[in-house]
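A.B. asks: Got a structure for you, questions after.
Please treat every number below as a calculation from the coordinates, not as lab data. It should be emphasised that the depicted structure is a prediction, and the values quoted were computed from it without experimental measurement. Glycine gets a Cβ as well: all are built from the backbone with ideal geometry, and neighbour counts include every protein chain shown.
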Amino acid sequence: MKQFIWMLCGIFVSGLLVGTLSACGAEQYSVCTITTEKPSAAQEESPALGEPPESGAEEPLEEPPAPSPKPGASITAEEDQARMLAYGKVLWDMYLLGLRPDGEELERATDLGPAEGNRFALVDLNGDGAEELIVCWDQACMAGMQGLVYTYDYPEEELRLVLSEFPALTFYENGTVAADWSHSQGWAGRFWPYTLYQYSPDSGMYEETGSVDAWDLECVEGDERLAAAFPGEADADGDGLVYYILTGEWYRNDRTPSGGLDGRLWDTDPVDGADLEDWLNAYTGGAEPLKIPYRHLEEVSISDLGCPRPEVTYPEPVG
């Protein structure tokens, strides 16, 4: 008798599940409701700014504490729903088709099919109460890796790309972002070069403020001429590291023609660590880096935004 009762319960629960799925449907924007509860997220701690990235196996992402609501935030349920649907479409197109919203093709570790292994996060980066979408597309060769930040303007219903960089990003509480360079092929050694951006409320974009490279004496100790040319007068703390703060259109200028033999690696004077810290604090205001709750780019994490998987026809392989 008990076995018969359990069978009836199982049939009843199955009927509820089928009815729920039928109600939501498989259309891309067919959503029954948007919940304000966020799915469990993954949190990744980045290396300290300027430190070379660690190599080795990827550690599992940890669950962060639940985020606190922004004081004074006035995001309506309708606006939140529209934003989540827009972000969900971005993520599905990336996951299933490897396409950015502008149609640019993303490089994928596999030629066709879903692109799991990449990461995304929803975070209010500029303090306006609305979440931005961060996508770290790092399952590609170095040249194909991208760090993308999108925002959604409401009620204009406009999705905008506000930052495109290498996906090694450090976000600060006051809207400053540091993006590591994809390569460090110079003499930075123990330091990893980066570019600093600051969010501009006027343009609604992240605007570049400067970049930082370094000269590590350890990198040239085997070359007597270069070791002798090292600008030790700028190395006040004696750690064998001096830094070059590159502002303006520095990227249009190559390194100095002397190749460092005159003690000038870039066409700007080197500074010591304390001066670099003062320059950085002028933009960050001493703010702490944010701990970003990254999630793996996979079906369940995208569906949790309230945007079900669309029907997709994969492109035919070329050739």
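A.B. asks: Loop only per DSSP, at most 11 neighbouring Cβ atoms within 10 Å: give me the GluC sites (Glu not before Pro) in the range 182-252, ordered by residue number.
C.D. replies: Sparse-neighbourhood loop GluC sites (Glu not before Pro): Glu249.
A.B. asks: Can you list the residues of the range 138-155 with backbone N under 20 Å from a point 7 Å past the Cα of Glu105, pointing along Cα to Cβ?
C.D. replies: Once the point is set 7 Å along Cα→Cβ of Glu105, 138-147 turn out to lie under 20 Å by backbone N, inside the range 138-155.
A.B. asks: Here's another thing I want to ask about it. For Asp237 and Ser203 in the same chain, what is the full-extension length gain: residue separation times 0.36 nm, less their Cα-Cα distance, in nm?
C.D. replies: Gain on extension, Asp237 to Ser203, equals 8.3 nm.
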